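The values are calculated or read from the model by the stated rules, or taken from the named source; none is laboratory data. In this text the structure is predicted, and so the values were computed from the model without any measurement. When we count neighbours, we look across all protein chains shown, and the Cβ atoms used for this are built from the backbone with ideal geometry, even at glycine. Surface areas here come from the heavy atoms of the whole protein model, side chains and all, with no ligands, DNA or RNA. Shrake-Rupley method; radii C 1.70, N 1.55, O 1.52, S 1.80 Å.
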Amino acid sequence: MDSLRLNSDPFVIAGLERLADEAYGSSGFALGTDEVVRVLVHYRTYTFGYGHVVTEGKTTYKNNNFDEDFSAQALDDWLDECRTRAYSPGVGTWTTAEVHVFPSQPGQLHIFDEEHLERMTNGRWYPGGEPADAATWAQQLLAYPRTVDYIPPWMWDIFRADGVSPPIYNPEFKSVDWKNRRRPVTDRGTDFSVEPTIIDPSLEPGILSRIGKKLFGSRR
């Protein structure tokens, strides 16, 4: 997941400039601060976010006043499109985006192929911000599928713990295969507008064998 390449994309640059205008324009919500930071963790069906502003080296964490934040169109919708554009069939896309916006210099978008989550002062996870489970990651891979080798070890650990076989990208058919269903995959992820076809597992044992080895290890 290449943050440097993404930050040279004109679409990303324009999005960061739009965020800077919302934060530091004539009626910006962050006037008087030196930096706005937003972190968003993207799952299949929802996004968890948090952030802070920096003023003269002092960090102030984001509150729940939505008048003091970016618009959904400028931040959430833009990041959704960034995430889709970053997808590579079989390789995947990022999970966490960290956005930095400044009053007088270009903003930055950093991306990570993992969850970046914070705990409350009592050590508990924020509501809605606890680590994702196997079902959530399965939906993630259904939308942005990966080959067996590009699913990271920490994600395999989660699937193994719950005994879940994840969706897998099939380069031969340019598809995502899951639960005996095959859906076409484009450069933007799975095409859900097309009805899935049925897979006969007895005719395609190879990929099932590789999934089994990742989940349960080699059997002698």
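Among residues other than Thr95 whose Cβ falls under 10 Å from its Cβ, what is the net charge (Lys/Arg +1, Asp/Glu -1)?
Here the charged neighbours net out to -2.
Could you identify which residue out of Ile198, Ile111, Ile168 has the top mean-square fluctuation in a GNM of the chain using Cα springs shorter than 10 Å?
Ile198
Roughly how large, in nm² to one decimal, is the mean projection of the convex hull of the alpha-carbon atoms in the range 84-142?
Mean projected area of the Cα convex hull: 6.1 nm².
Please calculate the 1.4 Å probe accessible area of Asp77, with all protein chains present, and give it to the nearest 10 Å².
Asp77 has an accessible surface of roughly 90 Å² with all protein chains in place.
Can you return the aspartates and glutamates within cross-link range of Lys58? Criterion is Cα-Cα under 17 Å, with same-chain partners fewer than 8 residues away left out.
Excluding near neighbours in sequence, the set is Asp34, Glu35.
Quick one: go through the range 12-36 and flag any residue whose amide nitrogen is under 20 Å from the point 7 Å out along the Cα-to-Cβ line of Ser104.
Answer for the range 12-36: 17-36.
Using a/c under 1.5 as the rounded threshold, could you call the chain rounded, prolate or oblate? The axes a ≥ b ≥ c are square roots of the C-alpha gyration tensor eigenvalues, and prolate needs a/b larger than b/c, oblate otherwise.
prolate
Accessible area per residue of the range 1-159 at 1.4 Å probe, in Å²?
It amounts to 50 Å² per residue over the range 1-159.
Could you work out the relative contact order of the range 1-94? I mean the mean sequence separation of Cα pairs under 8 Å and 6+ apart, divided by the number of residues, in percent.
Taking the mean separation of contacting Cα pairs over the length of the range 1-94, I get 24 percent.
State, as an integer percentage, the relative contact order of the chain based on alpha-carbon contacts under 8 Å between residues 6 or more apart.
That works out to 18 percent.
Largest first, what is the accessible-area ranking of Leu117, Leu215 with a 1.4 Å probe?
Accessible-area ranking of Leu117, Leu215, largest first: Leu117, Leu215.
When all protein chains stay in place, what accessible area (Å², nearest 10, 1.4 Å probe) is found for Arg188?
Estimated to the nearest 10 Å², Arg188 gives 120 Å².
Excluding Gln108 itself, what net charge comes from residues whose Cβ is under 11 Å from its Cβ, given Lys and Arg +1 and Asp and Glu -1?
So the environment of Gln108 carries a net charge of -2.
Does the range 27-119 come out rounded, prolate or oblate by the C-alpha gyration tensor, with a ≥ b ≥ c the root eigenvalues, rounded set by a/c under 1.5 and, if not, prolate when a/b is larger than b/c and oblate if not?
In terms of gyration-tensor shape, prolate.
Can you pull out the trypsin sites (Lys or Arg not before Pro) in the range 117-149 whose DSSP state is coil and whose Cβ has at most 14 other Cβ atoms within 10 Å?
Values: sites: Arg119, Arg124, Arg146; in loops: Arg124.
Here the trypsin sites (Lys or Arg not before Pro) that fit, given the DSSP loop and packing criteria, are Arg124.
Multiply the residue separation of Asn63 and Asp157 by 0.36 nm, subtract the distance between their alpha-carbon atoms, and state the gained length in nm to one decimal.
Net length gain for the segment: 30.4 nm.
In whole percent, how big is the carbon plus sulfur part of the accessible area of the chain, probe 1.4 Å, protein atoms only?
Ligands and nucleic acids excluded, carbon and sulfur reach 50 percent.
Not counting the cut sites, what is the longest span of the chain without chymotrypsin sites (Phe, Trp or Tyr not before Pro) that DSSP labels loop and that have at most 14 other Cβ atoms within 10 Å?
So the longest stretch without any such site is 47-191.
Can you divide the C-alpha Rg of the range 99-211 by 2.2 N^0.38 Å and report the result to two decimal places?
Here the Cα radius of gyration is 1.34 times the empirical estimate.
For the chain, take the longest principal axis of its alpha carbons; what is the angle in degrees between that and the long axis of helix 10-24, to the nearest 10 within 0 to 90?
Taking the Cα atoms of the chain, the angle to 10-24 is about 40 degrees.
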